[in-house]
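Just below is one structure, and these are the notes that go with it.
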Amino acid sequence: MSKNGQGLHVVLTGAPGCGKGTQARLLKEKANICHLSTGEMLRAEAAKTTPEGRELKEVLDKGGFATDEMIIDMVSRRIDEDDCKNGFILDGFPRTLPQAKVLEKMLAEKGIVLNAVIEIQVPDEIIMERILGRYACMKCGQGYHDKHLKPKIYGVCDACGGTEFYRRIDDNRTTVQNRLVNYRALTYPTIPYFEKKGLLKCVDGTGSIPAVAKKIDELLAIK
């Protein structure tokens, strides 16, 4: 792990369904840095048949969140791995103000400088449409949408040719509404916190995926 703060270290934040994951995957390819999705890490944990995994699955299926301790430990260990030495994108973390403060302390201890916190701003009604219509390839995880991003050939994944797809069990109207309420109560307070630190940059996330990506590239001075 580099101790001189070099590399690109970014947090992507915003409400559930704002496009954090999609933009993080694009940024990962362009900047050649790691995409650390706490959601994906937690879902992998929830898929395990351990007592902790089953308990976590029950919480996530209801639109709840894992404990701070579990997430912080998981992120800290992941950042120490070799493939993060050029930098990383944190997607879905920090989710609360206490997590934001612990993240700052953790990165300082590792000699890592956070370059920017990018908030992707999207109205609730658009978020609802996006989340309820999304699905992914079971084989490679490539994401699609009923309306906005269909495979070129119906029923066949563009990326790997897979023919089986899935929708997340928590992508339903009630759970999405719960997640939006939780976001406002728990995550939104991190926005003014990062703003005071001079790290916050805001992007209108209502445009096309390439248009939003271009705005993010410009903010981070990525060619």
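The table below gives the values:
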read-out: Relative contact order, percent, the chain [alpha-carbon distance under 8 Å, six or more residues apart]; value: 29
read-out: Given charges at beta-carbon only (K, R positive; D, E negative), |dipole| of segment 27-162 in Debye; value: 400
read-out: Proxy reagent accessibility, fewest Cβ within 10 Å first, across 83, 171; value: 83, 171
read-out: Long-range HN-HN contacts of residue 119 with modeled amide H, under 5 Å; value: 13, 201, 202, 203
read-out: Fewest-first sequence of 168, 134, 77 by Cβ atoms within 10 Å of each Cβ; value: 77, 168, 134
read-out: Selection from 97, 127, 163 lying farthest towards where the dipole of segment 93-176 points positive, charges on Cβ; value: 163
read-out: Residue-by-residue Karplus 3J(HN,Hα) for segment 140-151, coefficients 6.51, -1.76, 1.60, Hz, glycine and proline x; value: 10, x, 4, x, 9, 9, 4, 10, 9, 8, 8, x
read-out: Of the DSSP H helices in the chain, those whose Cα atoms cover at least 18 Å axially and whose Kyte score averages -0.5 or more; value: 97-110
read-out: Cut-off under 5 Å, modelled amide H: who pairs with residue 34 long-range; value: 87, 88, 89
read-out: Cβ-based exposure ranking for 157, 202, in which fewest neighbours within 10 Å come first; value: 202, 157
read-out: Fraction of beta bridges assigned by DSSP in the chain that are antiparallel (%, nearest 5); value: 30
read-out: Packing-based order for 161-167, 115-121, 210-216, using average beta carbon neighbours within 10 Å, highest first; value: 115-121, 210-216, 161-167
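We did not get these values from a lab; they are worked out from the coordinates using the rules stated. Only a predicted model underlies this, so the values are computations on that prediction, with no experimental measurement involved. Please note: Cβ atoms are built from the backbone with ideal geometry, for glycine as well, and neighbour counts cover all protein chains shown.
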